[in-house]
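The values are calculated or read from the model by the stated rules, or taken from the named source; none is laboratory data. Everything numeric here is computed off the predicted structure, so don't read it as measured data. All Cβ positions, even for glycine, are placed from backbone atoms using ideal geometry, and neighbour counts span all protein chains on display.
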Amino acid sequence: MTEPTPRPREPHSLPPADLRAERPEDLYALLPAQPHPEPSMPPPVTPVTAKTAPAPPIEAAGALPWRERDGKLEVALVHRPRYDDWAWSKGKLDPGETWPGAAAREVAEETGLRVRLGLPLPSASYEVSGMNGQPAAKLVRYWTAVVTGGHGRLEHEVDAVCWLTPAAAQERLSYPRDREQLAALTAAATGKHLAAWPLLLVRHAKATPRRRWSGHDWLRPLDERGFGQAEDLAGLIEAYRIRRLITSSATRCTQTLEPFTRAHRSATLHASAWLSEEGYARRPRRARDALRAEILRGGPVAICTHGPVIPDLLDLLAARVDPKDQPVADVLASNRGRTMAKGEVVVAHLVGHGPKARVVALERHLPVRRRPADLARLTIRPKPLHDALGPGR
C-alpha cells in the first residue's frame, strides 16, 4: 500500500470546536470513548547487553499513608514477617509501570487500602542482595498518601498495619533510612502542605509524524509508541485519583487520555480548542485562561496539551511559587522556556485556590520505555476521532 501524499497544511486549521465561545463552560465538549482498529507492530529492537551498559538499580516505589485522629497526625507502617521489620509499604515496579502507579498499587496490594498520592518525599538508595547473590543497588521513591477506600485485608507478605504518631513511628521503624521520609512528611504537616492538590500538566504522547499524515494536523493520531505511552499514563493519573481532565481537542491529545477515561467511567474529559496548537497560535491568552480557571477552581485535574503551549503554562505555575521555596523555584526557573517530552507529565502540588494558590512541590515523570512486544497488549487502537467528534464539536 503506498504512503498517502501529504497535502499542504492549512495555516491554523482549527478543530471544529467553538473558538468564538466566551463563557468557560462553552469551551469544553464531553468526548465519548471510541473503539480502535488493531495497530501494526514496529520492527524489533536490539536489546542492550550487560557488557555494553551498567546494570540499572532495582526500582521500587512506596507511600506513607497519613491521617488525623483526634487532632493528632498518624502515619501507617507495615510489618513483614519474612524480615520481622517495620517499614513503609513499597515494592518493585512492574514492566511498563510508572513510579506513582507502582507506589499506589503496592499500598493497595500490601494493605488492602486504596490511596491518593500527595507530595513527593525523599528517595532512599541502598544495597540489597541481587538475584545472583551479588550486591545490587536499589532506589525507592516515596510519596505521602491519603486513604480513599479499600477492604483493608492484609496481603502480599504483610501481617500487620500500625497507625502511629510521628514520634512513635520514628521509634518503631527498623531502618534509619526510613526516618528521612517521616521527617519530610512531618515538616509538610507543620507547613500545612499535606492538603495540597495535584495539577498534572501532560504533553500528548508520540503522534504519527506530520510527513506521514495528509489530513488536518489536529486529526493526526498517536502512533504505536504513543499508544503505549498513553497506556502507561493511565496508571500515573489514577495514582493521584484525578477525575477531571481538560484536553486540547486535537486527536493526539484526546487519545493520550483515552485509556484512563475508559478504565474510569466516573472521570470527565473536556476538550478545548484553545489548548490546541491552532487555537494557541490564534489567541495564546485563552490557554493561560484555561489554566487560571482550574487554579481558581482548586481541585485535582489533568491538563493535556502541546509542546508550543507548555512553556506559557509552566511560566504561570512559576508565578505561583513562594520565593522563599527555593528548591521549587529553582526547578521552574531552570525549565523556563522549555517544553516537555512527548508523554511527559509535570505534577504541580498546590495549596489553596484562586489568587492565593501556591505551588509547594513539583514532580517530573518522563515516558516509560516500552519493548516492542509490550505493544501487542494495548487495550486501545489507533483511530482518528473526527467521526466521534462530529460537526460542531
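Name every residue in the range 147-167 that is touching a residue at least 24 places away in the same chain (Cβ under 8 Å), farther than 18 Å from residue 103 by Cβ, out of contact with any His (no Cβ under 6 Å at 6 or more places or on another chain) and not in a loop (DSSP other than H, G, I, E, B), in order of residue number. Scanning the range 147-167 gives 162, 163, 164, 166. Selection over the range 216-272 of residues that are part of a helix (DSSP H, G or I) and either hydrophobic (A, V, I, L, M, F, W, C) or farther than 24 Å from residue 288 by Cα (or both) gives a count of 25.
Scanning the range 215-231 turns up at least one residue that is out of contact with any strand residue (DSSP E or B) (no Cβ under 7 Å at 6 or more places or on another chain), hydrophobic (A, V, I, L, M, F, W, C), surrounded by fewer than 22 Cβ atoms within 10 Å (Cβ to Cβ) and modelled with pLDDT of 95 or more. Would you be able to tell me the number of residues in the range 248-275 that are farther than 15 Å from residue 220 by Cβ and of a type in the set (S, T, N, Q)? So the answer is 4.
Here 327, 323 are screened, and the one residue that is closer than 13 Å to residue 358 by Cα and surrounded by fewer than 14 Cβ atoms within 10 Å (Cβ to Cβ) is 323. Count, please, the residues in the range 137-171 that happen to be surrounded by 14 or more Cβ atoms within 10 Å (Cβ to Cβ) and not β-branched (Val, Ile, Thr). Qualifying residue count, the range 137-171: 17. Candidates in the range 55-76 are the residues that are of a type in the set (D, E, K, R), part of a strand (DSSP E or B) and out of contact with any Phe, Trp or Tyr (no Cβ under 6 Å at 6 or more places or on another chain); of these, the one that is farthest from residue 182 (Cα to Cα) is 59.
Results for (1) over 24 Å from the mean Cα position of the chain (by Cα); (2) free of Cβ contacts under 8 Å to residues at least 60 places away in the same chain, shown as yes or no for each residue.
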| residue | (1), (2) |
| --- | --- |
| 135 | yes, yes |
| 169 | yes, no |
| 185 | no, no |
| 196 | no, no |
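The conditions are (1) more than 21 Å from the chain's Cα centre (by Cα); (2) modelled with pLDDT of 50 or more; (3) within 30 Å of residue 277 (Cα to Cα); (4) of a type in the set (S, T, N, Q), and residue 40 fails exactly one of them. Which is it? Just one mismatch for residue 40, condition (2).
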